[in-house]
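**Student:** Take a look at this one; I'll ask things after.
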Amino acid sequence: MLKDWLMRCAVSMPVRYTKKQRAKFISAMQSYGNEKGYTTEIISQEGSKCAHLAFGNIDAAKVIVAAGYDTPLMYWFKPGYYPFYNEGNIHNTRIELTIRTLIGIMIILLGFGAWLGLRNTQFIVGIIIFALMVILGIFGIITPMKNKTNFERNSAAVSVLMEMVETNTNPDMAFVLMDQCVNSNVGIGVLAKRMKHHPLIIMLDGLANGSVMVVAENDKTIQSLVLPEDMAARYHHYDETKQGQNRFMYYSPLMVISCGEIHDGQFMIPLANSSKDVLLNTQRLQHFPKWINALADQWIKGGF
């Protein structure tokens, strides 16, 4: 059941940031896949610190459903995520880190000032205050925390994928939990290098909430697929030759499904990377396996 997977992925193991945390999560999911009779494979690349988990025979699959499982950082000042506008993500990150750094430096300077004021009377106390302020400035302010509330990025998508793993009966489909996708595009590059043929990859990214659903693709063959009417989504062709660095430049045919809002002419997920990322449209989430299976069936039957 989808609600069970949301509980496991978003509540029981919500932080998948460190190598140890990611390994624990992947170990649990791999054990489940093996119990279900799947062939599982860890896909990694030396030097990338990346570990994907594949369910099924990805070398024979005609459609692969994927979702990034790693956890994002939490932003206080410029949260939000642009699935198809990487320059916006870079801009927000720069603003966030600049503000955090300035505040952190101010806190450290206050600590230094406290030490200067106390060094002749209470030297040890001054040193302790200064050390605490340095720790607070660096590790409490300058260094972002890992976001424990991450339905958008990407526990909801992971839960949908695992629901499909649980219920799938189509031998032409495989599934991949992808590492290094939330804070970079390394993950899709690692998967692309592993592929020996070119199945359709359907990547789930930010499905938890949002009133606008976009199906973006980089191969116009994908546009021949008829989107389910009740999906109420819009197509967007992404020409990687006219854009900055993005996931679409690593692999084709790639379809990315995302839900969000339109802000200043750009599609974005406003609550991602923030402590407010707790909104779930569970009624719509329950339909995603049906919609994705319908798209996969069209691709497979069409012989693309």
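**Student:** Under a 5 Å amide H to amide H cut-off, with H placed in plane at 1.01 Å, what residues pair with Ile43 once short-range neighbours are removed?
**Tutor:** Close amide H contacts, sequence-distant or interchain: His52, Leu53, Ala54.
**Student:** Let me ask another. Please state the charge dipole magnitude for the chain, taken about the Cα centre, from unit charges on C-beta atoms (+1 on K and R, -1 on D and E), reported in debye and rounded to the nearest 20.
**Tutor:** Dipole of the chain, to the nearest 20 debye: 880 debye.
**Student:** A follow-up question, please. For the range 240-304, just say rounded, prolate or oblate: build the C-alpha gyration tensor, square-root its eigenvalues into a ≥ b ≥ c, call rounded for a/c under 1.5, and beyond that prolate if a/b exceeds b/c, oblate if not.
**Tutor:** Verdict is oblate for the range 240-304.
**Student:** Going by Cα centres, the range 235-304 and the range 35-105 are how many Å apart?
**Tutor:** Each part reduced to its Cα centre gives a spacing of 14 Å.
**Student:** A further question on this structure: Exactly which trypsin sites (Lys or Arg not before Pro) in the range 205-289 are in a DSSP loop and have at most 13 other Cβ atoms within 10 Å?
**Tutor:** Lys276
**Student:** Which whole-Hz ³J(HN,Hα) couplings does the range 71-76 yield from phi under the Karplus relation 6.51 cos²θ - 1.76 cosθ + 1.60, θ = phi - 60°, glycine and proline marked x?
**Tutor:** For the range 71-76, the Karplus-derived couplings read 9, x, 7, 9, 9, 9 Hz, x marking Gly and Pro.
**Student:** A further question follows. Within the chain, what percent of beta bridges assigned by DSSP are antiparallel, to the nearest 5?
**Tutor:** Taking every DSSP beta bridge with both residues in the chain, the antiparallel ones total about 50 percent.
**Student:** Tell me, what does the Kirkwood hydrodynamic radius of the range 86-142 come to in angstroms if you use every pair of distinct C-alpha atoms?
**Tutor:** Final number for the Kirkwood radius of the range 86-142 is 12.2 Å.
**Student:** May I ask for the angle, rounded to the nearest 10°, between helix 156-167 and the longest principal axis of the chain, with both axes built from Cα atoms and the value confined to 0 to 90°?
**Tutor:** 40
**Student:** Out of residues 5 or more away from Val215 or on other chains, whose amide H comes under 5 Å of its own, with H placed 1.01 Å from N in the peptide plane?
**Tutor:** Close amide H contacts, sequence-distant or interchain: Arg234, Tyr235, His236.
**Student:** Based on DSSP H runs of at least 4 residues, each adding -39500 (n - 2.57), what is the mean residue ellipticity at 222 nm of the chain after dividing by all its residues, to the nearest 500 deg cm²/dmol?
**Tutor:** Result for the chain, helices only: -11500 deg cm²/dmol.
**Student:** For the Cα atoms of the chain, what angle does the longest principal axis make with the long axis of helix 288-302, in degrees from 0 to 90, nearest 10?
**Tutor:** Computed tilt is about 50 degrees.
**Student:** Each residue of the range 83-90 in turn: what ³J(HN,Hα) in whole Hz from Karplus with 6.51, -1.76, 1.60 and θ = phi - 60°, glycine and Pro shown as x?
**Tutor:** x, 10, 9, 5, 4, x, 5, 5
**Student:** Shifting gears a bit: I'm a student and want to see the number: the projected area of the Cα convex hull of the range 1-149, averaged over all directions, in nm².
**Tutor:** In nm², the orientation-averaged hull projection of the range 1-149 is 13.1.
FYI, it's all coordinate maths here, none of it is from the lab. Only a predicted model underlies this, so the values are computations on that prediction, with no experimental measurement involved. All Cβ positions, glycine included, derive from the backbone under ideal geometry; neighbour counts span all protein chains shown.
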